[in-house]
1. For region 47-149, with every protein chain kept in place, what is the accessible area per residue (1.4 Å probe, Å²)?
2. ³J(HN,Hα) across region 139-148 via Karplus (A = 6.51, B = -1.76, C = 1.60, θ = phi - 60°), whole Hz, x for Gly/Pro?
3. Tell me what the chain gives for mean residue ellipticity at 222 nm when only DSSP H runs of n ≥ 4 count, each as -39,500 (n - 2.57), the sum divided by the residue total, rounded to 500 deg cm²/dmol.
4. In region 65-124, which trypsin sites (Lys or Arg not before Pro) are in a loop and have at most 13 other Cβ atoms within 10 Å, using DSSP for the loop call?
5. Output wanted: per-residue J couplings in Hz (rounded whole) for region 168-178, from phi through Karplus 6.51 cos²θ - 1.76 cosθ + 1.60, θ = phi - 60°, x for Gly and Pro.
6. What share of all Cα pairs of the chain, in percent, falls into each consecutive 10 Å distance bin?
7. So, taking all protein chains as they sit and a 1.4 Å probe, how much accessible area belongs to His170, in Å² rounded to tens?
8. For a test of the definition: using alpha carbon positions, the gyration tensor, and the 1.5 limit on a/c, classify region 95-243 as rounded, prolate or oblate.
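The values are calculated or read from the model by the stated rules, or taken from the named source; none is laboratory data. Quantities reported herein were computed from a predicted structural model and do not represent experimental measurements. Cβ sites come from the backbone with ideal geometry, for glycine too, and all protein chains shown count toward neighbours. Quick note on the areas: whole protein, heavy atoms, side chains included, nothing else; ligands and nucleic acids left out. Shrake-Rupley method; radii C 1.70, N 1.55, O 1.52, S 1.80 Å.
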Amino acid sequence: RAKQRGKNQYVIYSDDMQTKSHEKIKMETSLRRAIDNNEFVLYYQPQIDIKSGDIKGAEALIRWMHPERGLVSPYEFIPLAEETGLIIQMDQWVLRTACMQNKSWQEKGLPPMRVAVNLSSQQFSKEYLAETVKAILEETGLEPKFLELEITETMTMDVEHTIPTLRQLHSLGVQISIDDFGTGYSSLNYLKKFSIDRLKIDQSFVRDIMTNSHDSDIVGTIIAMAHNLGLEVIAEGVEEKDQLRFLQYQKCNEVQGYYFSEPIPAEKFELHFQELQEKVKRKY
Ligand code: C2E
Ligand code: MG
Ligand code: MG
Ligand code: MG
């Protein structure tokens, strides 16, 4: 029986594999097509100063406007884009578009703010990253201090690469933040050596801040430690007023989350900026 089951399992497994690779191939084909047809858009989510309620920045988040499926989440296509190397082209597009957008907002009279862009691990490992960033800043005319690059903790594991890369990027004048902070494990020792400006506390800690004392302790500790290292802290995934209150009490610097606004299309961000800003302040 065991043998039989083993055999059946083998068959099921191999069927599964075939469907999966077939799906993958289909997905890869449509991802390539999407790049050619410009099916990607950036949504922007405001980052808010916890004291004043001023919008200080916006994180650019990619969306795929699939002709049949509608809006597709990056969680669904980023992994495949990374696996196939298509991420390089996508990231390049994101970086240029976000910088261009921010420059255009400034020209239209919006208060100057940072735009934050997520880097992929592939992009972060390229030697010419700093040159690319520099070229895009020159091309778009955006002042470096208005661009923030987000890298994740796991991307910093190769410290031999990370230290000089961050130093190069920082010397361009751009800001750097560590995204999803707390989910990987950075050594405090290295954190001190990285040229970074800001930690982004992962939303998984923020979610249960009011009910789980472990999480609230962790958040409090991250903030205190970051401040000791001279870093700013932004909390992501803020959905409730109580969470905001707790973060204010802990002297977190900025917040980002559905409580204030979901990521929204660029046009909406721009056209309704005043409303958005007023709405955010009313939420305090
Ligand atoms: P992330 O950089 O950590 O972005 C935060 C995610 O949390 C976003 O999901 C955002 O929409 C979502 N979020 C914001 N506020 C809240 C909240 O209050 N509650 C909850 N539950 N979620 C909230 P999104 O846009 O689906 O992006 C997912 C991930 O995909 C990002 O995580 C980032 O790692 C990656 N990603 C997004 N855009 C890009 C991109 O342009 N390039 C690269 N390489 N990765 C990207
Ligand atoms: Mg991010
Ligand atoms: Mg994050
Ligand atoms: Mg995340």
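1. That works out to 45 Å² per residue.
2. With coefficients 6.51, -1.76 and 1.60, one gets 4, 8, x, 7, 5, x, 5, 9, 10, 10 Hz.
3. On the way: 12 runs with 148 residues, N = 284.
Taking each H run of at least 4 residues, the total per residue is -16500 deg cm²/dmol.
4. Sites meeting the loop and neighbour criteria: Arg69, Lys108.
5. 4, 4, 5, 5, 6, x, 7, 9, 10, 10, 9
6. 6, 26, 32, 23, 9, 4, 1, 0
7. 60
8. Since a/c reaches 1.5 but b/c is at least a/b, the shape of region 95-243 is classed as oblate.
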